[in-house]
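Asks: Here's a structure for you.
The values are calculated or read from the model by the stated rules, or taken from the named source; none is laboratory data. Quantities reported herein were computed from a predicted structural model and do not represent experimental measurements. Positions of Cβ are generated from backbone atoms using ideal geometry, with glycine treated the same way; all protein chains shown enter the neighbour counts.
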Amino acid sequence: MAFKHLINYKKIFSLIAMFLLLGTNLLMAQSTSSNTTATDSGDTSAQTAGMWTTVGYYVLLFLVVCFIVAIVGKIFKVYDLTLQMQGKKGINWNNAMAVGFIIFLVVGAVGVYYSFTVHGAMTLVGDAQSVHGKTLDTMFWVTTVITFIVFVLTQVLLFGFAFKYKGSDKRKAYYYPHNNTIEKIWTVAPAIVLTILVVFGFLTWRKITNTVDAKGEPASLQVDVTGHQFAWEIRYPGKDGRLGMKNYKLINGTNKLGVSYDDKNSFDDLQADTLMLPVNKSVRLNIIAQDVIHSVYMPNFRVQINAVPGLPTYFKFTPTKTTAEMRRDLDQADFNYHLYCNKICGGSHYNMQKLVVVVTEAEYQKWLSQQKPYLTEQLKKELKLADNPLYKQTLLQNRLASNNL
Amino acid sequence: MSTLTVQDHAVVQHGHDHEHHHTENFWTKYIFSQDHKMIARQFLITGIIMAVIAMMLSILFRIQLAYPEKAFPLLETLLGRFAPGGRLDTNFYLSLVTIHGTIMVFFVLTAGLSGTFSNLLIPYQLGARDMASPFMNMLSYWLFFIASVIMMASFFTEKGPAGPGWTIYPPLSALPKAMPGSGLGMTYWLISMVLFVASQLMGGINYISTILNMRTKGMDLWKMPLTIWAFFLTAILGVLAFPVLVAGVVLLIFDRSFGTSFYLSEIVVQGQQMPFEGGSPILFQHLFWFLGHPEVYIVIMPALGISSEVIATNSRKPIFGYHAMVYSLIGITVLSFIVWGHHMFVTGMNPFLGGVFMITTLIIAVPSAVKTFNYLATLWRGNIRFTPAMLFAIGLVSFFISGGLTGIFLGNAALDINLHDTYFVVAHFHLVMGSAAIFGMLAGVYHWFPKMFGRMMDEKLGYLHFWLTFIGAYLVFFPMHFMGLGGVPRRYYSFTEIESFKEWLTLNTFITWAAIMSALAQVAFLFNFFYSIFFGKKATQNPWNSTTLEWTTPVEHIHGNWPGEIPTVYRWPYDYSKPGHDEDFIPQTVPFSQTLSSNLPHDFEDNPVNLESHKDWVNIQRSNEEEVK
């Protein structure tokens, strides 16, 4: 009787499993086709046939796994039943689960250790190449140490308690509805720790986001960074050290940034295809986007701020290590800093990057002198600058200034 | 202490209820049902279907991340123009990410979780015959259903579903020229969300009014189980926050279709100046996150409520610090309205404002920490019974800790500069609100399945499901923290274009296989769930020896829940393992007069008269004992 029931049960079991599998065919199929990479043109029907064979193969594989699981389950059940028939106690699943948690705790600890050493070594933590980045790294370490201690303690307690206080019929739980003292302690303790973190975080944050040069501070190098789908445009100021104004209405094929020539600071601005930065000198990025939101992200320097259409944003930082030094220290000849886009902006979001190079001051000046002016001959013609009084006046002034030298 | 008690109204009407049974047909019973139990099941099954769909989408983009250079002809067969040559289209990849996020956050963890368990448990655990407005309750489900259908229908539009991320920041979402996913698919997304919010509001108003007005005799607010407290505060959050999303979405519809400039200013797309001027993209982010942040608590609070109930029941111990648990839920509710700016530290929002939001954000960590410690204290010296529900509840606590702690990094504006929008964030929220909330939901399903379907789920399959999912989720999300610390941005189609990211490819492949394993483990759940509905072992009335009211109803569902009068409540819901009582639980319906040997002064804290009589009784007992000696 019991056997008959068992067989019937199995049939239904496998039937339903089959049904569900057909339902999840889609899911399976994706993981399956990893070796059907025959993309070469050829007999397409043969190809699809091959594809379905592979799909079928993987579905079958999953079915087999399901059956094995079902059979193992049955074996356990039969074993359990025989134990009970012999008058012994069946499998104690409750204890099995408790032991499971302890095993999970131990194996998990090993996994966390592995991840911290292997994957942790691949991160950029402790390797910030900017002045404020080093402060952030310190703060990161402090936060990591505190949270890691809490993480370990609470997880050990959680799984430890689960194991230690596994249920038994002989025992009753300890009726302990509340204890105000303990509760006050563990409300106040995290509050104090968090206050400390908040205060340091707040002060650091205010310092980093203060992008205006203070009096007496040497002026920061101003660089204009403009994002659009899917590239970054870089503009440097000329000898005056000031960037000219922009107006989005002026954007066209030759004036890609919409630089306004009503502003005399615009005339000597330079166009660049690399973000070249002198080491140990404060840089202020003047950021804007033309179409959608982008984000200027340079993880090596701990720099990130969104580029928003219609809203200029700024980030001031000081790089501390040249690209050449990084290559030498990392022993990686092809190392480069990059600026990535870090706000979803469309299909090629993943490839919207700009090369960033940090060099010595001398190299920077040399590079700067080779850059072409933003004001191209074609643009001059288009804007009819020859007749522009402001332009003439600026040219004259510049000539006088160079004569005085 | 509040003793706002509302007496039972429904008893009088009850005599008539039986007569209505005969008029039920298939349509009124299973489709347009106004019965809270049926609506709960409708929400649950729709939620599960949406979850499976969203999970499959995630496997699709995980495969792309693991094998960016490989072509899978099967993908072309399945997806057609979205995967030309067997490789996912870059725009379709973003659509997958968007729809995965939208479905999981809104359709599964908001509607599927709150909708199921609020509907099921509010009337059951409070002792009400149904919701305050059963018709509105039905509308709530059907609007949710229509929203789901519209969301899925966007896969059949020419340019594919919405693609600007689940946060749909304009201008990307406002300019159809900017990406294919901002075309018709985006319109579908917006319409779907408006309907969804309408559904949530109807549900939320119903939950609040039922909880405030329809509690049975003796059920004052401080005798409510923590599940109900969680659903109550969740509903308040939803009712206050969701309308703001509608406002944001409607303005976006205006910008998209009627040429207004709420969010748009000074835009040039593909060399062409747009006429928009004076708007601010940041405004949308404020409106979105004013909902968006309470939303993550809308997702996690019901899960925390469910796990409180499951952990107490299966530890056979009262939940530790019941009042602290309620106050921390209230604290989270209030604070969650003033922390939204921590999603916007680096968006160009005034940096001073960022500093303020950082302070409020780290304050909200305190009530969350209190909850965690209270869970641990509940387990301490318990008599733990590992039902699958209990396993999932413990898993929830583990995820809540792991994911919550990384929130301390992200809530710190200064550290967020480098972590914002990287995989660190992905790891953080998938643990703390993704995995934790889904584990809360699964714990609820395993725990209340006997109440919902009158049958038991298979325990062993539940064990298998738990371990594979628990291990799988950690394998997927734990290593992602390190990718984020390596500066890897989220929502990247592939990392092959960038030299320094190539080293992460092996880890990506590993994560994908872990994700596939966890996804396949759900087959164990799906089989168990659907098989048990029809063929599971018949449930007893109170299979978990629980104290709450829902277990005093008969196994067979009846209209009006209780065959006779609604039971009266005399005590709080956590009298487990009370010393002096013969059983290890005392249901809420048992009056103190029947349990003299186990009463404690603590039970009468808010009732001075009874406290006196209790003291008298104790004194008499004591003098009797002395006489015997």
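Asks: If you check residue A:275 against the conditions, is it over 30 Å from residue B:275 (Cβ atoms), within 23 Å of the chain's Cα centre (by Cα) and touching a residue at least 40 places away in the same chain (Cβ under 8 Å)?
Replies: Yes, satisfied.
Asks: I'd like to verify a number: residues in region A:375-389 that are free of Cβ contacts under 8 Å to residues at least 40 places away in the same chain and either within 14 Å of chain B (Cβ to nearest Cβ) or surrounded by fewer than 16 Cβ atoms within 10 Å (Cβ to Cβ) (or both), how many?
Replies: 6
Asks: Quick check on my filter: what residues within region B:207-245 are surrounded by fewer than 19 Cβ atoms within 10 Å (Cβ to Cβ), under 20 Å from residue B:285 (Cα atoms) and aliphatic (A, V, I, L, M)?
Replies: B:239, B:240
Asks: Looking only at region B:485-508, count how many residues are touching a Leu at 6+ places or on another chain (Cβ under 6 Å) and more than 8 Å from every other protein chain (Cβ to nearest Cβ).
Replies: 1
Asks: Now, a different point. From (1) at pLDDT below 95; (2) of a type in the set (Phe, Trp, Tyr); (3) in contact with a helix residue (DSSP H, G or I) (Cβ under 6 Å, 6 or more places away or on another chain), pick out the condition that doesn't hold for residue B:222.
Replies: It is condition (3) that residue B:222 fails.
A quick yes/no check of all residues on (1) of a type in the set (Lys, Arg); (2) touching a His at 6+ places or on another chain (Cβ under 6 Å); (3) assigned to a loop (DSSP other than H, G, I, E, B); (4) within 14 Å of another protein chain (Cβ to nearest Cβ):
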position	(1), (2), (3), (4)
B:79	no, no, no, yes
B:96	no, no, no, yes
B:115	no, no, no, no
B:132	no, no, yes, no
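Asks: Determine whether region A:359-374 contains at least one residue that is within 23 Å of residue A:285 (Cα to Cα), surrounded by 14 or more Cβ atoms within 10 Å (Cβ to Cβ), within 19 Å of the chain's Cα centre (by Cα) and assigned by TED's automatic domain parsing to the domain that holds residue A:225.
Replies: No, the conditions are met nowhere in region A:359-374.
Asks: Still on this structure, please answer the following. Given A:82, A:135, A:117, A:154, which one is more than 41 Å from the chain's Cα centre (by Cα) and either part of a helix (DSSP H, G or I) or modelled with pLDDT of 95 or more (or both)?
Replies: Only one candidate qualifies: A:82.
Asks: I'd like the full set of residues that are in contact with a Ser or Thr (Cβ under 9 Å, 6 or more places away or on another chain), under 17 Å from residue B:454 (Cβ atoms) and in contact (Cβ under 8 Å) with a residue 24 or more places away in the chain, limited to region B:550-568.
Replies: Within region B:550-568, B:552, B:555, B:561, B:562 meet the criteria.
Asks: Can you tell me which residue in region A:153-187 is farthest from the other protein chains (Cβ to nearest Cβ), limited to those that are loosely packed, with under 14 Cβ neighbours inside 10 Å, touching a helix residue (DSSP H, G or I) at 6+ places or on another chain (Cβ under 9 Å) and farther than 15 Å from residue B:376 by Cα?
Replies: Ranking the candidates gives A:180 first.
Asks: If I ask for residues that are more than 7 Å from every other protein chain (Cβ to nearest Cβ) and among the hydroxyl-bearing types (Ser, Thr, Tyr), which ones from region B:361-381 would you list?
Replies: The answer is B:361, B:368, B:375, B:378.
Asks: Considering only residues that are touching a Lys or Arg at 6+ places or on another chain (Cβ under 9 Å), within 10 Å of chain B (Cβ to nearest Cβ) and surrounded by 19 or more Cβ atoms within 10 Å (Cβ to Cβ), which ones fall in region A:210-245?
Replies: Within region A:210-245, A:228 is the sole residue that qualifies.
Asks: Scan region B:611-624 and report the pairs whose first residue is under 10 Å from residue B:601 (Cα atoms) and whose second residue is not small (Gly, Ala, Ser), with Cβ atoms within less than 7 Å and a gap of 6+ or a chain change.
Replies: From region B:611-624, the pairs are B:611/B:601; B:611/B:604; B:614/B:599; B:614/B:601; B:614/B:604.
Asks: Only one residue in B:191, B:205, B:211 is in contact (Cβ under 8 Å) with a residue 60 or more places away in the chain, closer than 29 Å to residue B:254 by Cβ and part of a helix (DSSP H, G or I). Which one?
Replies: Every option except B:205 fails the conditions.
Asks: Looking at region A:188-209 only, could you name the residues that are facing another protein chain (nearest Cβ under 7 Å) and among the hydroxyl-bearing types (Ser, Thr, Tyr)?
Replies: Residues satisfying the conditions are A:204, A:209.
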